[in-house]
Amino acid sequence: MVILFAVFLLTLLALTAVAIVRTENLFVAVMLTGIFSLLMAANFFVLDAADVALTEAAVGAGISTVLFLGALALTAEHERSVVSGRWLSMGIVVVTTLILIYATFDKPRLGDPRAPVHQHVAPWYLDQTPELIGIPNVVTAVLGSFRGYDTLGEVFVVVTACIGVLFILGVRRGGYSPSPDGDRLTTAGSGLRHHLIPKVVGRLLIPFIVLFGLYVLFHGEYGPGGGFQAGAIIATGIILYALLDGEAQALKAVPRPVLMGMVVGGATLYGAVGVAGIALGGSFLDYSVLADDPVKGQQLGILIIEVGVGLAVCGSLLSIFHAFAARGRH
Amino acid sequence: MYLVVSIAILITMALALVRALLGPSVYDRMLAVNMFGTKTVLLLSVIAFLYGRPDFLDLALAYALINFVGVLAVLEFFQSRSIRRAADRVDGG
């Protein structure tokens, strides 16, 4: 039955993907990307990967639509059709597809307990997590503690991506200087506050979205979630404020230096926990030495690095959002 | 019972997808996406109970909160675009 659900959802996913490629109207493509993300998350969920589904929910449903629309506001609405090199790309795609299909013949059945992936370190993680870390969500334990290096690397990937996007979109030093013409446009078009229903419902939702983000952050050890999802959800809440009251107002609430501080501070906080482990006589990113009780130390360490991840992700996403909006004004 | 409900929701999702693919107007697609989001929330909730893991309802909650932002972003996009076009027309004329 799970298989049937997954196959059905994957079929819809494939249809949507083909439609995204086929359409030349970029707005339609953005809308279909939203559906693609929803289908992907439902599929992750059906396959019992709740943490990944929450990530896809946090990023795919809200923020990526907002960023795509921000990009779309800077370009034309229709894709220019490119004819040259079509057969070459077609050939590469067909060959890759055939190789991938051939590779699936050796793949173990879904959920097979004798599959290599369930024989390697996974049993050890499942076995040792209650004893060493003492939290119910093994995914959080693996990401935060056992494979803390990977997650540290991922945080720096997020920071690097943020720096790259900010460079490309070229935020001016000293921030936004209003030109008379640009100012007229932004005040006229800033936000949806002149519409009653979005204003009332949106204002009501903002505190709950931020609260839910904090819940996901601090409850990540017990349920699905963690720093990355929390950062994305809180960023969504602030973007909602920007949509309602205008982007300039949101920038006043969370100014650019604060955002930069969040991005750099979050990544530094993560690294600092690792260094603190060394200073207290353990190894890098070994949290057991952070408290008298090793299990408490692990939990404390995971919580602090999750906060670091959340800060970095939230700051990056908001910086990118503001960079798009600032670009649109000039 | 959960099974019947989830199959019904899957069928509704497929119908919404058909509307999103066919269009024809932008508003059809927007409504289809919005409806698709709502159906995903429902599907996640029902499947959480079908699997006997109601704590996964967190996810459905996250979707319910966040979906709204995407739709508002689309509305904002249309509003600012129509304002910009009107301004261009005034400047041009």
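One residue alone among A:LEU72, A:LEU32, A:LEU47 is open to solvent by less than 30 Å² (accessible area, probe 1.4 Å), closer than 30 Å to B:ALA48 by Cβ, out of contact with any Phe, Trp or Tyr (no Cβ under 6 Å at 6 or more places or on another chain) and not small (Gly, Ala, Ser), and that residue is A:LEU32. Go through the stretch A:218-236 and give me each residue that's assigned to a helix (DSSP H, G or I) and surrounded by 24 or more Cβ atoms within 10 Å (Cβ to Cβ). Within the stretch A:218-236, A:GLY227, A:PHE228, A:GLN229, A:ALA230, A:GLY231, A:ALA232, A:ILE233, A:ILE234, A:ALA235, A:THR236 meet the criteria. Out of curiosity, is B:LEU17 surrounded by fewer than 21 Cβ atoms within 10 Å (Cβ to Cβ), within 8 Å of chain A (Cβ to nearest Cβ) and without any contact (Cβ under 8 Å) to a residue 40 or more places away in the chain? Taking the combined requirement at face value, the residue does not satisfy it. Note on the stretch A:237-269: residues that are in a helix (DSSP H, G or I), open to solvent by 10 Å² or more (accessible area, probe 1.4 Å) and either farther than 20 Å from A:ARG193 by Cα or in contact with a Lys or Arg (Cβ under 7 Å, 6 or more places away or on another chain) (or both) amount to 11.
For the stretch B:45-59, taking the residues that are surrounded by fewer than 20 Cβ atoms within 10 Å (Cβ to Cβ) and at the interface with chain A (Cβ under 9 Å from one of its Cβ atoms), the one that is nearest to B:MET1 (Cα to Cα) is identified as B:LEU50. Within the stretch A:7-19, if we keep just the residues that are touching a residue at least 12 places away in the same chain (Cβ under 8 Å) and surrounded by fewer than 17 Cβ atoms within 10 Å (Cβ to Cβ), the residue that is farthest from A:VAL138 (Cα to Cα) turns out to be A:ALA17. Scanning the stretch B:60-75 for residues that are facing chain A (nearest Cβ under 7 Å), over 13 Å from A:VAL216 (Cα atoms) and open to solvent by 30 Å² or more (accessible area, probe 1.4 Å) yields B:PHE68, B:LEU75.
Let's see how each residue does on (1) within 21 Å of A:VAL201 (Cα to Cα); (2) surrounded by 16 or more Cβ atoms within 10 Å (Cβ to Cβ); (3) more than 10 Å from chain A (Cβ to nearest Cβ):
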| position | (1), (2), (3) |
| --- | --- |
| B:ILE11 | no, no, no |
| B:ARG29 | no, yes, no |
| B:ASN34 | yes, yes, no |
| B:LYS39 | yes, yes, no |
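Taken over the stretch A:214-264, the criterion of being within 14 Å of chain B (Cβ to nearest Cβ), within 17 Å of the chain's Cα centre (by Cα) and not aliphatic (A, V, I, L, M) is satisfied by A:TYR215, A:GLY220, A:PRO224, A:GLY225, A:GLY226, A:PHE228, A:GLN229, A:GLY231, A:THR236, A:GLY237.
The values are calculated or read from the model by the stated rules, or taken from the named source; none is laboratory data. Note that the structure is predicted; figures quoted are calculated from it, not measured. FYI the Cβ positions are ideal-geometry reconstructions off the backbone, even for glycines, and counts take in every protein chain you see. When the accessible area is computed, the model is the full protein with side chains, heavy atoms only, and any ligands, DNA or RNA have been set aside. Shrake-Rupley method; radii C 1.70, N 1.55, O 1.52, S 1.80 Å.
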